[in-house]
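The values are calculated or read from the model by the stated rules, or taken from the named source; none is laboratory data. All of these numbers come straight from a predicted model, not from anything done at the bench. Neighbour counts run over all protein chains shown; Cβ positions are idealised from the backbone, glycine included. With ligands, DNA and RNA removed, areas are computed over all heavy atoms of the protein, side chains included. Shrake-Rupley method; radii C 1.70, N 1.55, O 1.52, S 1.80 Å.
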Amino acid sequence: MSCSFFTACLIGCLLTLTSTMKAKEMSRIGSFEGFQPVSLKREEDDQPSETDQLSMEEREPETQVPAPKQISRLPSVVESALYPNPYHKPYLSRKYFVTRPGAIETAIEDLKGHITKTSGETIQGFWLLTEIDHWNNEKERILLITEKTLLICKYDFIMLCCVQLQWIPLSAIYCICLGKFSFPAMSLDKRQGEGLRIYWGSPEQQSLLVRWNPWSTEMPFATFTEHPMKYTSEKFLEICKLSAFTSKLVPAIQNTHKNSTESGRGKGLMVLTEPILIETYTGLMSFIGNRNKLGYSLARGSIGF
């Protein structure tokens with residue numbers, strides 16, 4: 001009986017030892033620091049899709065391909081909000097003093113007062129154009145039409161004062177030429193575009209000294225084109241139109257010729273459509289002056305430091 005008891009005790013010890021070893025092994029696995037639970041869900045599934053946000057009634061059939069998402073073009077919206085003006089490059093227009101607030105209005109009031117005081121005539125219209133002299137130099141000018149006179153004004157928009165005023169009787173104007181600019185074949189300084197030339201004397205009667213003097217003011221004609229600030233605003237679009245100036249000038253001259261008692265003006269006004277010749281060859285002076293806009297009242301930056 002003692003032998004069977006000893007056998008039973010031995011079997012009990014072995015079972016106890018085996019269970020203890022299994023418990024320790026399981027505890028080591030549970031405390032393993034590298035153990036991480038594995039998820040069978042893909043990374044793409046973490047982000048909600050568009051279809052998950054829709055209700056079951058609004059879902060499309062699986063066979064249909066979802067339409068591409070429309071992206072709003074925010075830059076264009078911001079640009080239109082910042083620049084609602086349809087005219088181009090406002091930062092360039094600020095360089096010209098004529099576009100400063102009140103500059104052109106001050107010039108017109110000054111000229112109205114001067115003309116009323118000196119001649120008593122009434123201004124019928126005013127325009128802002130660019131004069132092109134016989135050496136192809138550009139010059140900023142204000143043109144005014146009264147009942148009897150065409151006035152060409154050189155106005156300083158920086159100091160807001162009239163520098164020079166040329167009076168041309170409408171009865172003396174006998175020819176107006178409209179057309180594109182033309183140059184001699186050997187000319188190195190050419191310009192594109194169209195212009196208007198007004199004659200009140202014969203160019204053939206001028207001496208060579210007057211014709212080849214770049215500072216001469218005795219030329220019997222004047223040539224004009226549109227001002228570069230034409231498309232700055234609606235106001236400048238109206239006063240810088242060459243066609244608007246021509247449509248007002250021609251009937252004013254014709255009306256003056258009808259009422260004129262001067263002899264030798266019975267032929268009336270000739271309106272021609274032909275190229276406008278500018279007789280320059282090298283054009284070094286106009287090349288430098290026109291590229292730097294020396295004929296305009298322009299902000300040219302600070303000189304000092």
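How much of the accessible area of the stretch 152-232, probe 1.4 Å, is carbon plus sulfur, in whole percent?
Summing carbon and sulfur atoms, their accessible area is 57 percent of the total for the stretch 152-232.
Using 1/(1 + (r/R0)^6) with R0 = 30 angstrom and r between the beta carbons of A185 and K95, what's the FRET efficiency to the nearest 0.05?
Given R0 = 30 Å and the Cβ-Cβ separation, E is 0.25.
Could you give the length gained by full extension between L294 and M219, i.e. 0.36 nm per residue of separation minus their alpha carbon distance, to one decimal place?
24.9 nm
For the stretch 154-296, with every protein chain kept in place, what is the accessible area per residue (1.4 Å probe, Å²)?
The answer is 58 Å² per residue.
Using the structure shown, list the pairs from K95/K148; K117/K180; K95/K117; K190/K230 with a Cα-Cα distance above 28 Å, or answer none.
K95/K148; K117/K180; K95/K117
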